[in-house]
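This report concerns only the one structure given below.
The values are calculated or read from the model by the stated rules, or taken from the named source; none is laboratory data. Everything quoted here is computed from the prediction, not taken from an experiment. Here Cβ is always computed from backbone atoms with ideal geometry, including for glycine, and neighbour counts include all displayed protein chains. Surface accessibility is based on the protein's heavy atoms, side chains included, excluding ligands, DNA and RNA. Shrake-Rupley method; radii C 1.70, N 1.55, O 1.52, S 1.80 Å.
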Amino acid sequence: MSDQRAIERAAERRIGRGTDTPASWGLGEGQAIPWEYAPAPEARDIVQLKSRYGLFVGGKEIAPRSGEWFTTIDPSTEEPLAEVARANAADVDHAVGVARRAFKREWGELPGAERAKYLFRIARILQERSREFAVLESLNGGKPIKESRDVDVPLAAAHFWYYAGWADKLDYAFPGRVARPLGVAAQVIPWNFPLLMLAWKIAPALAAGNTVVLKPASSTPLTALLFADVCRQADLPAGVVNIVTGPGEIGMALVRHPDVDKVAFTGSTAVGKLIGKAVTLELGGKAANIVFDDAPIDQAIEGIVNGIFFNQGEVCCAGSRLLVQESIAEPLVEKLKDRLSTLRVGDPLDKNTDVGAINNAAQLAKIEELVEAGVAEGAEIFQPACELPERGFFFRPTLFTGVAQSHRIAQEEIFGPVLSVLTFRTPEEAVEKANNTPYGLSAGVWTEKGSRIFSIVKRMRAGVVWANTFNRFDPTSPFGGYKESGFGREGGMHGMHAYVRLEDR
Ligand code: NDP
């Protein structure tokens, strides 16, 4: 749809609602006011980038034994941001040894109430430095500043607050048992929520008395390295948190290290399968967002948009398959197209941006390939006529209708701003189609009938099911999947379970 057509449609909707255009604006009756958002860039000078970042081991920044470095970039401009240490197996071995010593000498024996003080301190510092973290997260990851500011950073701090609260109450979390820490936790995290995934992993591990070695994704190491500074500021004992940066093979060296006691991984199903079973795995998803004909349509539209375009759709629990009851499919898709036409795509640091940059070139290529496959397989594509920046990894919000269950865009995780719309007639058909996936991470149900919500949710093979909302996260709530979406739960008391050994009293 052209920009002109978008303006005309907006005008049509205005007429439909009976809004008069004041004569003083000099516009004809029913004519929309042509206006655009002025740029509202967040200042980036709050972030003091260093030209080089070493590894964070034993409470200090050290040069890698490998002697090698790599460049991390801003995906919205492709400009380099800093050089980062490229660890090798000897660096990993060193970090695990340091974490082991910190566990034995101090952290593993520290009373829960003392551990809690450090976690509370970290939470407070994250809040105090929240703007710095939000800007850096958007700079290095490509996500809109309004999301890193309002979701990623506050939720990361909330995880530290929450698990700080448990640190001295493990006897209540596991009544009748004694909860002992496991030892050294090896943690590998992805690029879609770099700081938040760090918090999901580090907060429960530390609260339970473990020490950690964490490897962030190669394309987004900077907020993890800024977090190292938070650990120093909080006076966290040296070696309790260690951060090693480097490629995937370093992740493998870490999770396979003979002296680690616990492995936690979030990322692709393919790598999760390589890592194996004795771990917590948070992997991919292909969530169904089911809309019944009695759903509050305007709310559902916002939920659908949030479900798939939040974080550019680079979300393991994204509602990437929209299942709409056939009787409302046509008007709902029309409304959805209108709504897509209002999404602002562009500079992640602009406070008005709804859809930022795709995190890396390989991910953009994967999205493009799957979208081409959708067109080739016969689905009908819709993309709003928004302008994309000339440089950087951007992709238009995309909607596919006429999607068959066999299409790749209905089966494979795209991990991008692409929504596939399918229809159903009966609740049974909706459940069958929703569960027809190798994944089982999340789902959504939109209906005004509470009884229907319960009857559908009971039959869904998904770890999280949202009712009349989508993509809501809370540190008290467990999160995780079935089937190829992984196993184990993170968040809530369940998340604590993965970091303790329970003994009889
Ligand atoms: P990966 O699973 O490859 O990366 C996730 C993390 O694992 C990164 O830190 C990565 O390091 C590390 N890693 C890579 N290879 C190995 C290995 N062999 N052993 C141990 N650790 C390893 O995901 P990608 O970033 O390549 O994304 C590919 C696809 O995965 C996406 O298109 C998306 O579908 C899915 N994905 C799912 C996520 C989720 O939250 N469930 C998150 C990210 C991606 P490095 O960055 O250095 O390669």
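Couple of notes before you dig in:
- Region 379-410 - residue that is open to solvent by less than 40 Å² (accessible area, probe 1.4 Å) and within 14 Å of the ligand (Cβ to nearest atom) and, of those, farthest from P221 (Cα to Cα): I409
- Of the residues making up region 316-330, just one is out of contact with any Ser or Thr (no Cβ under 9 Å at 6 or more places or on another chain) and either free of Cβ contacts under 8 Å to residues at least 24 places away in the same chain or within 16 Å of the ligand (Cβ to nearest atom) (or both), namely E330.
- The set of residues from region 351-368 being within 16 Å of the ligand (Cβ to nearest atom) and open to solvent by 10 Å² or more (accessible area, probe 1.4 Å) comprises N360, A361, A362, Q363, L364, A365, K366, E368.
- Here T469, T423 are screened, and the one residue that is in contact with a strand residue (DSSP E or B) (Cβ under 8 Å, 6 or more places away or on another chain), closer than 18 Å to D293 by Cβ and open to solvent by 20 Å² or more (accessible area, probe 1.4 Å) is T423.
- Residue match in region 288-301 (condition: without any contact (Cβ under 8 Å) to a residue 40 or more places away in the chain, charged (D, E, K, R) and within 19 Å of W191 (Cα to Cα)): no
- For region 369-378, the count of residues that are open to solvent by less than 30 Å² (accessible area, probe 1.4 Å), under 26 Å from G463 (Cβ atoms) and touching a Phe, Trp or Tyr at 6+ places or on another chain (Cβ under 8 Å) is zero.
- Here P216 meets each of (1) under 17 Å from F133 (Cβ atoms); (2) within 16 Å of the ligand (Cβ to nearest atom); (3) over 20 Å from the mean Cα position of the chain (by Cα) with one exception, condition (3).
- Residue identified as under 29 Å from the mean Cα position of the chain (by Cα) and open to solvent by 20 Å² or more (accessible area, probe 1.4 Å) among F70, F103, F133: F70
- Any hit, region 168-177, residues being open to solvent by 10 Å² or more (accessible area, probe 1.4 Å) and within 16 Å of the ligand (Cβ to nearest atom): no
- Filtering region 255-280 to residues that are within 9 Å of the ligand (Cβ to nearest atom), aliphatic (A, V, I, L, M) and surrounded by 15 or more Cβ atoms within 10 Å (Cβ to Cβ) leaves V255, V271, I275.
- Residue match in region 498-505 (condition: open to solvent by 10 Å² or more (accessible area, probe 1.4 Å) and more than 22 Å from K262 (Cα to Cα)): yes
- Residues in region 223-248 that are farther than 17 Å from A157 by Cα, among the hydrophobic types (A, V, I, L, M, F, W, C) and open to solvent by less than 10 Å² (accessible area, probe 1.4 Å) were compared, and the one that is farthest from the ligand (Cβ to nearest atom) is V240.
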